[in-house]
Amino acid sequence: MDKLTPCPPWLVDDATALLARSTGGRMPHAILLSGVEGIGKRDFAQSVVEALLCRNRQGCHACGECESCRQLLADSHPDYQKLMPEGASSVIKVDSVRALVDWLQLTASQASHRIALIEQADRLNRNAANSLLKTLEEPGEQAILILSATRAGALPATIRSRCQKVTLKMTNQAAAIAWLEGQVDDPVAALAGAGGGPYLAVDNASPESLAAEEKLLAAWRDLFLHKGSVGRISDSLSDLDTSVCLATFCRWCLMAIKRREGVQGVATAAVTEVISETQARMTNDQWYRFYDRLLQLHRTDSASFKTQMVLEGLFADTRLMTISAATR
């Protein structure tokens, strides 16, 4: 890599608090990082790894000049390995985890930590997750295992219970808005529309994401205003990623609930218009049921399912609820 990874400015306090534990010898041997999509888990985890391995750390930042930092820059540090989903299935497979577990049992070569980072740990398949259990219970000397997941609830309870959970939250919104300046048209609305995830806000501003949002808004409006069949609506989203659809609908569902409770919130004009049009189509109880169903689906391995198959049943049930609400 060309340069070390800076900690997202809105997460500096979290990084400082976590790294302070290493100074006192209280660093957890297994950490589960979670947080909303786009909050910055990947860069946060990478920056913490680099700071832990740095020989001349400055606050929560690696110095970028010591031998350890030079090895990290060259992707050749002997005490660091990273694992992430691979292949068309976008899952983390058992053989890769077994190799990582064996490596973690070795002694750190530089009398420091031996660190393994598993990105998108919610994509571990069942066998891969099970192969981690023994290591989580009996880590190697000076070994640290960091798991990062947006859908932490999708991980087995046996994994979650053996990790120290660190939930990353937006603790410095001003820093996030300043970071977004020049990257999006309206930083405040973009951040709100992304559910508090600055990286997602930037992604949402891309032409591809804007086109996807247009499809999702049309599907949402057609579903709740009874324009077209459920089959046609779900088919219109068949080329989109299932997790993107579910995460977006979760955010919009929360917006509808809040607006019904008198909380306006901030969003783009297009999203605000559609939510205003549809918020009265279900009762509060029905909106909460819809939201719970979305969350349940999002926490499953939805990446392995076809979008149309996942959404058609959900839309059919929701359409029935809108009809029920209209007859009351």
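No lab work stands behind these numbers, since they all come straight from the coordinates. These figures come from a predicted structure and were not determined experimentally. Positions of Cβ are generated from backbone atoms using ideal geometry, with glycine treated the same way; all protein chains shown enter the neighbour counts.
What separates the Cα centres of segment 204-262 and segment 11-80 is a distance of 37 Å.
Cross-link list Lys165/Lys215; Lys134/Lys169; Lys82/Lys215; Lys134/Lys165; Lys41/Lys93; Lys93/Lys165: which exceed 28 angstrom alpha carbon to alpha carbon? Among Lys165/Lys215; Lys134/Lys169; Lys82/Lys215; Lys134/Lys165; Lys41/Lys93; Lys93/Lys165, the Cα-Cα distance tops 28 Å for Lys165/Lys215; Lys134/Lys169; Lys82/Lys215. Where only DSSP H runs of four or more residues are counted, the chain gives -16000 deg cm²/dmol as its mean residue ellipticity at 222 nm, each run worth -39500 (n - 2.57). Shape class of segment 108-171 from the Cα gyration tensor (axes a ≥ b ≥ c, square roots of the eigenvalues): oblate, since a/c reaches 1.5 or more and a/b does not exceed b/c. Cross-link partners for Lys306 among the aspartates and glutamates, with Cα-Cα distance under 19 Å and sequence neighbours closer than 8 places in the same chain left out: Glu86, Asp122, Glu213, Asp235, Asp239, Asp241, Asp317. Here Tyr80, Tyr199, Tyr288 are placed in order of increasing Cβ neighbour count within 10 Å, fewest first, which gives Tyr288, Tyr199, Tyr80.
Would you please state which residues of segment 202-222 a label at Arg232 would reach in this model, taking the label point 7 Å out along Cα→Cβ and a backbone N cut-off of under 16 Å? Under 16 Å, as judged by backbone N against the label point of Arg232, lie 218-222 of segment 202-222. Length gained on full extension, Asp239 to Glu138, computed as 0.36 nm times the residue gap minus the Cα-Cα distance: 32.0 nm. Here each label is just a point 7 Å from Cα along the line to Cβ, and for Leu106 and Gln58 those points are 3.1 nm apart. Placing dummy labels 7 Å off each Cα toward the beta-carbon, the span from Ala157 to Asp75 is 4.0 nm.
Return the loop-located GluC sites (Glu not before Pro) in segment 201-308 (DSSP other than H, G, I, E, B) with at most 13 other Cβ atoms within 10 Å of their own Cβ; answer none if there are none.
Numbers: sites: Glu208, Glu213, Glu214, Glu261, Glu273, Glu277; in loops: Glu261.
When the GluC sites (Glu not before Pro) of segment 201-308 are filtered for loop state and at most 13 Cβ neighbours within 10 Å, Glu261 remain.
Among Leu168, Asn127, Leu104, which residue has its Cα furthest toward the positive end of the charge dipole of segment 89-228, with +1 on Lys/Arg Cβ and -1 on Asp/Glu Cβ? Projecting each Cα onto the dipole axis, the largest value belongs to Asn127.
Would you order Trp103, Trp179 from fewest to most other beta-carbon atoms within 10 Å of each residue's own beta-carbon? It would help to have the intermediate numbers written out before the result.
Working: Trp103 15, Trp179 20.
By the 10 Å Cβ count, ascending: Trp103, Trp179.
The stretch between Ala20 and Leu295, if pulled fully straight at 0.36 nm per residue, gains 95.6 nm over its current Cα-Cα span.
Rounding to the nearest 20 debye, state how big the charge dipole of the chain is about its Cα centre with +1 on each Lys and Arg Cβ and -1 on each Asp and Glu Cβ.
1000
The coefficient of translational diffusion for the chain, derived via Stokes-Einstein from the alpha carbon Kirkwood radius under 37 °C and 0.692 mPa s, stands at 153 µm²/s.
For the chain, the relative contact order is 18 percent, taking Cα pairs closer than 8 Å that sit 6 or more residues apart in sequence and dividing their mean separation by the residue count.
Starting from the Cα of Ala270, step 7 Å toward the Cβ, then list every residue of segment 217-234 with an amide N under 15 Å from that point. Under 15 Å, as judged by backbone N against the label point of Ala270, lie 217-222 of segment 217-234.
Neighbour counts of other C-beta atoms within 10 Å: give me Cys63, Cys7 arranged from fewest to most.
On the way: Cys63 15, Cys7 25.
Lowest count first: Cys63, Cys7.
Sorted into 5 angstrom bins from 0, the C-alpha pair distances of segment 183-276 split as 2, 13, 24, 26, 20, 11, 4, 0 percent. Taking 4 °C and 1.567 mPa s as conditions, segment 206-326 diffuses translationally at an estimated 90 µm²/s according to Stokes-Einstein applied to its Kirkwood radius (Cα pairs).
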